[in-house]
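What follows is a structure written as C-alpha cells; I'll ask about it next.
The values are calculated or read from the model by the stated rules, or taken from the named source; none is laboratory data. From a predicted model like this one, the values you see are computed outputs, not experimental measurements. Here the Cβ positions follow ideal geometry from the backbone for every residue, glycine too, while neighbour counts run over all protein chains shown.
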Amino acid sequence: MNRRAFGCGALAAVAFIALGIFAISRAQAPAGCPDRLPYQPAAYDADGDATDEPTLDGVEEPLERGGRASFGLAAWPVWVAPADRPSASDAPLPSRIVLECGDGTFQAYRRAGS
C-alpha cells in the first residue's frame with residue numbers, strides 16, 4: 001500500500017471524526033434555558049426569573065419530574081406539579097412547567113396564550 005494514500009486516508013478519518021464530535025457538541029442543549037421553548041403542540045414562554053430550585057407560583061408541594069422537553073437534539077428535564085404530571089410519555093405537558101437549565105438553575109414556563 002502506498003504511504004501517501006494511507007496518510008491521506010488517515011488524515012481524512014481524523015478530520016471526519018473531529019468534525020463529527022464538534023457538531024455533536026454544538027447540537028447539545030446549551031447551559032441555561034431559552035426565553036421561549038418552541039415545544040409542540042404549543043410554545044412556552046419564560047415566566048419570571050430563574051431559581052435555584054424547581055418552583056411554581058401557587059404550588060406548595062415539591063415538584064416532580066415530568067419527562068423531557070426537546071427541540072432538535074437539545075433536551076431539558078421537565079418538572080411539574082404532582083397533580084399535573086403526564087400519565088404517559090407521549091401525553092401533552094401541562095400549561096405550567098419548570099425546566100432544569102443545566103447550569104444549576106430552574107426556569108418556570110407558561111404555555112403561550114394561557
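Going through segment 85-100 one residue at a time, which ones are among the acidic types (Asp, Glu) and at pLDDT 80 or above? Spell out how you get there, then give the answer.
Residues of segment 85-100 that are among the acidic types (Asp, Glu), as a first pass: 90, 100.
If the condition is that a residue be among the acidic types (Asp, Glu) and at pLDDT 80 or above, then GLU100 is the only one that fits.
Kindly list the number of the only condition in (1) on the phi < 0 side of the Ramachandran plot; (2) at pLDDT below 85; (3) surrounded by 11 or more Cβ atoms within 10 Å (Cβ to Cβ); (4) in contact with a strand residue (DSSP E or B) (Cβ under 7 Å, 6 or more places away or on another chain) that fails for GLY67.
Failed condition: (1).
Okay, next question. Among the residues of segment 45-63, is there at least one that is farther than 27 Å from SER25 by Cα, assigned to a strand (DSSP E or B) and within 18 Å of the chain's Cα centre (by Cα)?
There is no residue in segment 45-63 that is farther than 27 Å from SER25 by Cα, assigned to a strand (DSSP E or B) and within 18 Å of the chain's Cα centre (by Cα).
Of all residues in segment 87-99, which are touching a residue at least 12 places away in the same chain (Cβ under 8 Å), touching a strand residue (DSSP E or B) at 6+ places or on another chain (Cβ under 9 Å) and closer than 17 Å to ALA43 by Cα? First the steps, then the outcome.
Taking segment 87-99 and keeping what is touching a residue at least 12 places away in the same chain (Cβ under 8 Å), we get 89, 92-99.
In the following step, the residues that additionally are touching a strand residue (DSSP E or B) at 6+ places or on another chain (Cβ under 9 Å) were identified as 89, 93-99.
Correct list: LEU93, PRO94, SER95, ARG96, ILE97, VAL98, LEU99.
Same structure again: I'd like the full set of residues that are more than 18 Å from GLY104 (Cα to Cα), under 14 Å from the mean Cα position of the chain (by Cα) and at pLDDT below 80, limited to segment 9-36.
SER25, ARG26, ALA27
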